[in-house]
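Before any comments, here is the structure.
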Amino acid sequence: MEYRQNDWSILGFGCMRFPKKGGSVDMEETERELAYAIAHGVNYFDTAYIYRGNEKVLGELTAKNHWRQQIQIATKMPHYLIHSVDELEKLFCEQLKRLQTDYVDNYLMHMLPDVHIWEKLVRMGILDWIKEKKEKGQIRRIGFSYHGNSRNFMALIDAYDWEFCQVQYNYMDIHSQAGAEGVAYAAKKGIPVIIMEPLRGGRLVNGLPKKARDLFAETRPKRSPAEWGLRWLWNQPEIAVVLSGMNSMDMIRENIRIADTVRAGEMTDTDEQLFRKVRSAVNEKMKVPCTGCGYCQPCPYGVDIPGAFRCYNVRYTDNFFTGMREYLMCTTFRAERTNASLCRQCGKCEQHCPQRIAVRKELKQVVRHMENPVYKVIAFFAKGLFKK
């Protein structure tokens, strides 16, 4: 196992998807899987306050097996549920109790959407709270997890002296989410990057179109789509940890095997050509041929045009639920919303689009298909949580 930064294993264990039995976590199987991962060098374990029951499970098994000194725990603070430092303190103490520990190695602001929300937390007094926790040794490193575009991500990176960050990134998201630009920016500033959704929740394995699957199958050396996707990430030296929501022994063994043999910079030009072909095969199912170049930005009315199109496309390349979830996270769960219905049909974007996309027409389709009654209900209730 390679350890690139902060003594973190390059393969991290995502704890959101522990194996289930009868509707609850299968403790015996989970213990077996965690023990195997730890014995084979995995030391980064990622959970969150809102992952139902997962902090408690990780804490119980860590205490039972005396793993605390062998692992680094990462968990997350749900800023959207907190309105005061007193509430934050109460929640943090609850997390320590669940985890059966007196400190957290890596503490993240969960799904921090933009600088405005961070500034709200600063006004609330979070800087003094973080300072106190670090002085007491209760938090070792402070970071944030993020869904959104690269521009907002880089603004967040500049807003505080973060010690790490966590982003969605994979070979399909090079021009969306934080993207390759955001990852490079964080690395340039010396901020370790943790990767979530390296295979889009398995959709870059089980949800690939036949043409993409065939491209991988015909390539030598023979590797599964999962292995190709993980190697693409670990090929980049700026990637500190790739999280995998491993919930079977077969998956754990396979991912550890890959992590044990991968090295940064190993990809060839032929490999990169393969990924370009696979991207094209996946993108053939897209509704809007947007490359995410961003030439249409900024929109005078605040629409994140590439982001809206990306989520709209995900509805068709992946599934409706995923597209809707990402649309909410990337355009709506923020202090200043960037959703498609903000469009006022000015046409400025179309003057700069190298793909000659009828942006105004397509944004109407985004509104029609994404901002449905369910979206409006969720957006209404989220408004108070993400206000400045």
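If I ignore ligands, DNA and RNA and count only protein heavy atoms, how much of Tyr295 is accessible to a 1.4 Å probe, in Å² to the nearest 10?
Near enough 140 Å² of accessible area.
Starting from the Cα gyration tensor of the stretch 179-262, take the square roots of the eigenvalues, sort them a ≥ b ≥ c, and report rounded, prolate or oblate (rounded when a/c is under 1.5, otherwise prolate if a/b is larger than b/c, else oblate). If you can, show how the numbers build up before the last one.
Values: a/c = 1.86, a/b = 1.52, b/c = 1.22.
Cα axes put the stretch 179-262 in the prolate bin.
So if I take the centroid of the Cα atoms in the stretch 235-285 and the same for the stretch 315-333, what is the distance between those two points in Å?
That distance is 23 Å.
So what is the orientation-averaged projected area of the chain, using the convex hull of its C-alpha atoms, in nm²? Can you show the working numbers first?
Working: hull surface 75.5 nm².
Mean orientational projected area (the chain, Cα hull): 18.9 nm².
Multiply the residue separation of Glu31 and Arg223 by 0.36 nm, subtract the distance between their alpha-carbon atoms, and state the gained length in nm to one decimal.
66.2 nm
At a probe radius of 1.4 Å, what is the per-residue accessible area of Asp214, in Å² to the nearest 10?
50
Report the residues of the stretch 56-81 in range of a label on Val122: point 7 Å along Cα→C-beta, backbone N strictly under 19 Å from it.
Under cut-off, by backbone N: 79-80.
Starting from the stretch 191-232, pick out the trypsin sites (Lys or Arg not before Pro) whose DSSP state is loop and whose Cβ has at most 11 other Cβ atoms within 10 Å.
Sparse-neighbourhood loop trypsin sites (Lys or Arg not before Pro): Lys222.
What GluC sites (Glu not before Pro) does the stretch 262-310 have in DSSP loop regions with at most 15 other beta carbons within 10 Å?
Of the GluC sites (Glu not before Pro), the ones in loops of the stretch 262-310 whose Cβ has at most 15 other Cβ atoms within 10 Å are Glu266, Glu284.
Give me the count of lysine pairs in the stretch 279-366 whose alpha carbons sit under 16 angstrom apart, restricted to pairs 8 or more positions apart or on different chains. Present the calculation step by step, with values, prior to reporting the outcome.
Numbers: Lys287/Lys361; Lys287/Lys364; Lys348/Lys361; Lys348/Lys364.
Final tally of qualifying lysine pairs is 4.
Can you give the net charge of the other residues whose Cβ lies under 10 Å from the Cβ of Glu227, counting K and R as +1 and D and E as -1?
Combined, the nearby Lys, Arg, Asp and Glu give +3.
In a solvent-free Debye calculation with one equal scatterer on each Cα, what is log10 I(q)/I(0) for the stretch 117-187 at q = 0.28 Å⁻¹, listed in the order of the q values?
Taking Cα atoms of the stretch 117-187 as identical point scatterers yields -1.24.
What do the square roots of 5 times the Cα gyration tensor eigenvalues come to for the stretch 283-344, in whole Å, largest first, as semi-axes of the equivalent ellipsoid?
19, 15, 8
Give the residue list of trypsin sites (Lys or Arg not before Pro) in the stretch 60-168 that are DSSP loop and have at most 16 other beta-carbon atoms within 10 angstrom.
Numbers: sites: Lys64, Arg68, Lys76, Lys90, Lys97, Arg98, Lys120, Arg123, Lys131, Lys133, Lys134, Lys136, Arg140, Arg141, Arg151; in loops: Lys136.
Within the stretch 60-168, the qualifying trypsin sites (Lys or Arg not before Pro) (loop, at most 16 other Cβ atoms within 10 Å) are Lys136.
In the P(r) worked out for the stretch 25-167, what percent of Cα pairs fall beyond 23 Å?
Looking at the stretch 25-167, the distances longer than 23 Å represent 36 percent of pairs.
Would you check the accessible area of Met16, probe 1.4 Å, heavy atoms only, in square angstrom rounded to 10?
90
Using alpha-carbon pairs under 8 Å, 6+ residues apart, how would you state the relative contact order of the stretch 1-104 in percent?
Here the relative contact order equals 26 percent.
Grab the Cα-Cα distance for Ala335 and Lys285, subtract it from 0.36 nm times how many residues apart they are, and report the gain in nm with one decimal. Provide the component values of the computation, followed by the final result.
Numbers: separation 50, 0.36 × 50 = 18.00 nm, distance 3.21 nm.
My answer for the length gained is 14.8 nm.
Which cysteines does the chain leave without a neighbouring Cys Cβ under 4.7 Å?
Cys15, Cys93, Cys165, Cys290, Cys293, Cys299, Cys311, Cys330, Cys343, Cys346, Cys353
Taking 8 Å as the Cα distance limit and 6 or more residues as the minimum spacing, I'd like the relative contact order of the stretch 271-388 as a percentage.
Worked out over the stretch 271-388, it gives 27 percent.
The values are calculated or read from the model by the stated rules, or taken from the named source; none is laboratory data. Model, not experiment: these values are computed from the prediction. Cβ coordinates were reconstructed from backbone atoms using ideal geometry, including for glycine residues, and neighbour counts include every protein chain displayed. Keep in mind that these areas ignore ligands, DNA and RNA; they rest on the heavy atoms of the full protein, side chains included. Shrake-Rupley method; radii C 1.70, N 1.55, O 1.52, S 1.80 Å.
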